[in-house]
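What follows is a set of notes on a single structure, which appears directly below.
The values are calculated or read from the model by the stated rules, or taken from the named source; none is laboratory data. Quick caveat: nothing in here was measured; it's all calculated off a predicted structure. Neighbour counts are summed over all protein chains in view; Cβ atoms, including those assigned to glycine, are modelled from backbone coordinates with ideal geometry. Quick note on the areas: whole protein, heavy atoms, side chains included, nothing else; ligands and nucleic acids left out. Shrake-Rupley method; radii C 1.70, N 1.55, O 1.52, S 1.80 Å.
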Amino acid sequence: MLQTVIAVGTPQSFRTTLARALEVEPEDVGWVQSVTAVEEVLVESHDPVDVLVLSPEVKDPDALGLAEFVGRTAPMTAIVAVREKSWNGLLPAAMRAGIRDVVDMTQGSEELRDAVERAITWVSNLRQARGSGNGQQRNRGTVISVFSSKGGAGKTFLTTNIATAVSELSGRDTAVVDLDVDMGDVFSYYGLEPVKQVSDLIALGEGADAATIFEMATQVSDHLFAFGGVADPAMESPGGEAVGKYLRVLRNHFAFVVVDASADYTDLALATFDLSDVICLVTGLDVVGVKHLSKALETLISIGLPRDRFRIILNRADSKVGLDAADVERVMKVQVDTMIPSSRLVPMSLNKGRPVYLEEPSSDVSNSSRKRANRFIAMQGGDLHADATGELVATNGKRRGLFRRR
């Protein structure tokens, strides 16, 4: 049985459990850490996926949401859900959503093997009737997320200034997204307050058209559009699968999507990281901040995110506090990617409701943000790349002007 079978969900040992049931080696079974991650596989892959097997850790709403997504984007992929107890009233809903089988693991591995084999047979027959393939890959924007589990590290400051710099330097439409739904502050950095509801924003993921998306946005500069809802500490955090759809819709309409991620390891945050091309981990030069950084990197790598997706950013990097960037690199065994200096311009810009990058474009803080933004712009290829100093250089070797717009 060499068909493409992917185990979905934590723990990673579920892959071994599935392989044992199918009587194959673990390497013969794929694995991704979440529903959002496997949706990304289906969107990006040129090769069809036969069967997705959901671990018991995949939550019921995420499983049903994935089934709906597969029905629209990869209808020739089958889903088998594994549960450690019966689904009771949810079983009819699972079948209506398109889940081919629900397996009770307490009944032994033979039932799982039979369910996967039935799914493979169904897929094979369907592809013979319709022809194989999941459709053409669409152009999409670059998703950049910014995260710190420690308050006060400068996460939102960095998000807003990077987003502003990227939009100004590239001249392309950029989304800045506040996903810190409990008490987000992205809009404050632009002197505004959000008026949309989080639920209405998340609903954009159900296939909203361009007009609806821009209607739900707040334009904060020429090419920058902010998305954020009214903060409500009592609200239930949106599910990971729904957040994944929301971000995927935004990246289909914006060249760059810069996300202020929530400050903890919720499904919302993990879905954001699954879709991110780059994850910026932010810390200051203090022992507690570095400890949070170390834990974040360890946790996110342990759930399957690739190490090369991370960028380490030191905020207030010139503070004289007995630690420096070299200490962080030595302890963490990582390279610090960007250093943002201390400056009274940061609180002043927040009070004015205008990002430092716009208010003081020649400042050291803005220069650091510009170099980081240039590297993000260069990731999209084309006729520009970032040189060793972080400046954008055309393939003909000519530097692009600092304030030139495209």
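Output the number of residues of the stretch 19-47 satisfying the condition of being assigned to a helix (DSSP H, G or I), of a type in the set (A, V, I, L, M) and more than 21 Å from ARG140 (Cβ to Cβ). Working first, answer last.
Going through the stretch 19-47, the residues assigned to a helix (DSSP H, G or I) turn out to be 19-22, 26-28, 35-44.
From what is left, the residues that are of a type in the set (A, V, I, L, M) are 19, 21-22, 35, 37-38, 41-43.
Now restrict to residues that are more than 21 Å from ARG140 (Cβ to Cβ): 19, 21-22.
Within the stretch 19-47, residues that are assigned to a helix (DSSP H, G or I), of a type in the set (A, V, I, L, M) and more than 21 Å from ARG140 (Cβ to Cβ) number 3.
Among the residues of the stretch 34-50, what is the count of those that are open to solvent by less than 30 Å² (accessible area, probe 1.4 Å) and either in contact with a Lys or Arg (Cβ under 8 Å, 6 or more places away or on another chain) or of a type outside the set (A, V, I, L, M) (or both)? I'd like the intermediate steps shown before the answer.
In the first step, residues of the stretch 34-50 are kept if they are open to solvent by less than 30 Å² (accessible area, probe 1.4 Å); the result is 34-40, 42, 49-50.
Now restrict to residues that are either in contact with a Lys or Arg (Cβ under 8 Å, 6 or more places away or on another chain) or of a type outside the set (A, V, I, L, M) (or both): 34, 36, 39-40, 50.
Residues flagged as open to solvent by less than 30 Å² (accessible area, probe 1.4 Å) and either in contact with a Lys or Arg (Cβ under 8 Å, 6 or more places away or on another chain) or of a type outside the set (A, V, I, L, M) (or both) within the stretch 34-50 amount to 5.
Being under 29 Å from ARG15 (Cα atoms) and crowded, with 17+ Cβ neighbours inside 10 Å is the filter; apply it to the stretch 282-302 and report the residue that is nearest to the chain's Cα centre (by Cα).
Filtering the stretch 282-302 down to residues under 29 Å from ARG15 (Cα atoms) leaves 293-302.
Filter once more, keeping what is crowded, with 17+ Cβ neighbours inside 10 Å: 293-294, 296-297, 300.
Values: LEU293: 18, SER294: 20, ALA296: 15, LEU297: 15, LEU300: 12 Å.
Per the stated criteria, the residue is LEU300.
Kindly state which helices (runs of 4 or more DSSP H) lie completely within the stretch 125-233 and contain at least 1 residues that are of a type in the set (Gly, Ala, Ser) and in contact (Cβ under 8 Å) with a residue 40 or more places away in the chain. Give the derivation first.
Numbers: elements: 155-170, 198-202, 210-216.
In the stretch 125-233, 155-170, 210-216 are the helices (runs of 4 or more DSSP H) which contain 1 or more residues that are of a type in the set (Gly, Ala, Ser) and in contact (Cβ under 8 Å) with a residue 40 or more places away in the chain.
Which one of these does HIS253 not meet: (1) open to solvent by 40 Å² or more (accessible area, probe 1.4 Å); (2) in contact with a Lys or Arg (Cβ under 8 Å, 6 or more places away or on another chain); (3) part of a loop (DSSP other than H, G, I, E, B)?
(2)
So how many residues does the stretch 147-157 have that are over 19 Å from THR218 (Cβ atoms) and crowded, with 24+ Cβ neighbours inside 10 Å?
Going through the stretch 147-157 one residue at a time, the tally reaches 4.
Among the residues of the stretch 69-92, is there at least one that is open to solvent by 50 Å² or more (accessible area, probe 1.4 Å), more than 24 Å from PRO238 (Cβ to Cβ), among the acidic types (Asp, Glu) and within 28 Å of the chain's Cα centre (by Cα)?
No: the stretch 69-92 contains no residue that is open to solvent by 50 Å² or more (accessible area, probe 1.4 Å), more than 24 Å from PRO238 (Cβ to Cβ), among the acidic types (Asp, Glu) and within 28 Å of the chain's Cα centre (by Cα).
What is the number of the single condition among (1) closer than 26 Å to LEU192 by Cα; (2) modelled with pLDDT of 90 or more; (3) not aromatic (Phe, Trp, Tyr) that ARG405 does not meet?
That leaves (2) as the condition not met.
Are any residues in the stretch 224-250 in contact with a strand residue (DSSP E or B) (Cβ under 6 Å, 6 or more places away or on another chain) and either surrounded by fewer than 21 Cβ atoms within 10 Å (Cβ to Cβ) or of a type in the set (A, V, I, L, M, F, W, C) (or both), and if so, which ones?
Restricting attention to the stretch 224-250, the residues satisfying the condition of being in contact with a strand residue (DSSP E or B) (Cβ under 6 Å, 6 or more places away or on another chain) are 224-229, 250.
Scanning the stretch 224-250 gives LEU224, PHE225, ALA226, PHE227, LEU250.
THR160: out of contact with any strand residue (DSSP E or B) (no Cβ under 6 Å at 6 or more places or on another chain), hydroxyl-bearing (Ser, Thr, Tyr) and either over 21 Å from LYS245 (Cα atoms) or open to solvent by less than 20 Å² (accessible area, probe 1.4 Å) (or both), yes or no? Before you say what the answer is, go through the steps one by one.
Values: out of contact with any strand residue (DSSP E or B) (no Cβ under 6 Å at 6 or more places or on another chain): yes; hydroxyl-bearing (Ser, Thr, Tyr): yes; either over 21 Å from LYS245 (Cα atoms) or open to solvent by less than 20 Å² (accessible area, probe 1.4 Å) (or both): yes.
Yes: the conditions hold for THR160.
Among the residues of the stretch 264-281, write down those that are open to solvent by 10 Å² or more (accessible area, probe 1.4 Å), in contact (Cβ under 8 Å) with a residue 40 or more places away in the chain and over 12 Å from the mean Cα position of the chain (by Cα).
Filtering the stretch 264-281 down to residues open to solvent by 10 Å² or more (accessible area, probe 1.4 Å) leaves 264-267, 270, 274, 277.
Adding the requirement that they be in contact (Cβ under 8 Å) with a residue 40 or more places away in the chain leaves 264-265, 267, 270, 274, 277.
Hits for the stretch 264-281 are ASP264, TYR265.
This table checks each residue for (1) touching a strand residue (DSSP E or B) at 6+ places or on another chain (Cβ under 7 Å); (2) over 26 Å from ILE301 (Cα atoms); (3) β-branched (Val, Ile, Thr).
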| site | (1), (2), (3) |
| --- | --- |
| PHE14 | yes, no, no |
| ARG20 | no, no, no |
| LEU42 | no, no, no |
| PRO75 | no, yes, no |
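Among residues belonging to the stretch 357-378 that are within 25 Å of ASP286 (Cβ to Cβ) and without any contact (Cβ under 8 Å) to a residue 40 or more places away in the chain, point out the one that is most open to solvent (accessible area, probe 1.4 Å).
Selected residue: ASP364.
Please find, among VAL80, VAL53, the residue that is more than 20 Å from ASP267 (Cα to Cα) and at pLDDT 90 or above. Give the derivation first.
Details: VAL53 fails: more than 20 Å from ASP267 (Cα to Cα).
Only one candidate passes the filter, namely VAL80.
Take the residues in the stretch 346-356 that are open to solvent by less than 20 Å² (accessible area, probe 1.4 Å) and in a helix (DSSP H, G or I); name whichever of them is modelled with the highest pLDDT. Working first, answer last.
Of the residues in the stretch 346-356, the ones open to solvent by less than 20 Å² (accessible area, probe 1.4 Å) are 349, 353, 355-356.
With in a helix (DSSP H, G or I) added as a condition, the list becomes 349, 356.
On the way: SER349: 90, VAL356: 94.
Of everything passing the filter in the stretch 346-356, VAL356 is modelled with the highest pLDDT.
Given the criterion small (Gly, Ala, Ser), surrounded by 16 or more Cβ atoms within 10 Å (Cβ to Cβ), over 25 Å from the mean Cα position of the chain (by Cα) and over 23 Å from GLU241 (Cα atoms), identify the matching residue among SER319, SER343. Steps first, please.
Details: SER319 fails: surrounded by 16 or more Cβ atoms within 10 Å (Cβ to Cβ).
After applying the criteria, what remains is SER343.
Of ALA261, ALA325, which residue is surrounded by fewer than 22 Cβ atoms within 10 Å (Cβ to Cβ), at negative phi and hydrophobic (A, V, I, L, M, F, W, C)? So that I can check it myself, show each step before the final result.
On the way: ALA261 fails: surrounded by fewer than 22 Cβ atoms within 10 Å (Cβ to Cβ).
It is ALA325.
Please determine whether any residue of the stretch 103-119 is of a type in the set (D, E, K, R), modelled with pLDDT under 90 and assigned to a strand (DSSP E or B).
Initial filter on the stretch 103-119 (of a type in the set (D, E, K, R)): 104, 110-111, 113-114, 117-118.
If we keep only those that are modelled with pLDDT under 90 too, we end up with 104.
Retained after the next criterion (residues that are assigned to a strand (DSSP E or B)): 104.
Yes, some residue in the stretch 103-119 is of a type in the set (D, E, K, R), modelled with pLDDT under 90 and assigned to a strand (DSSP E or B).
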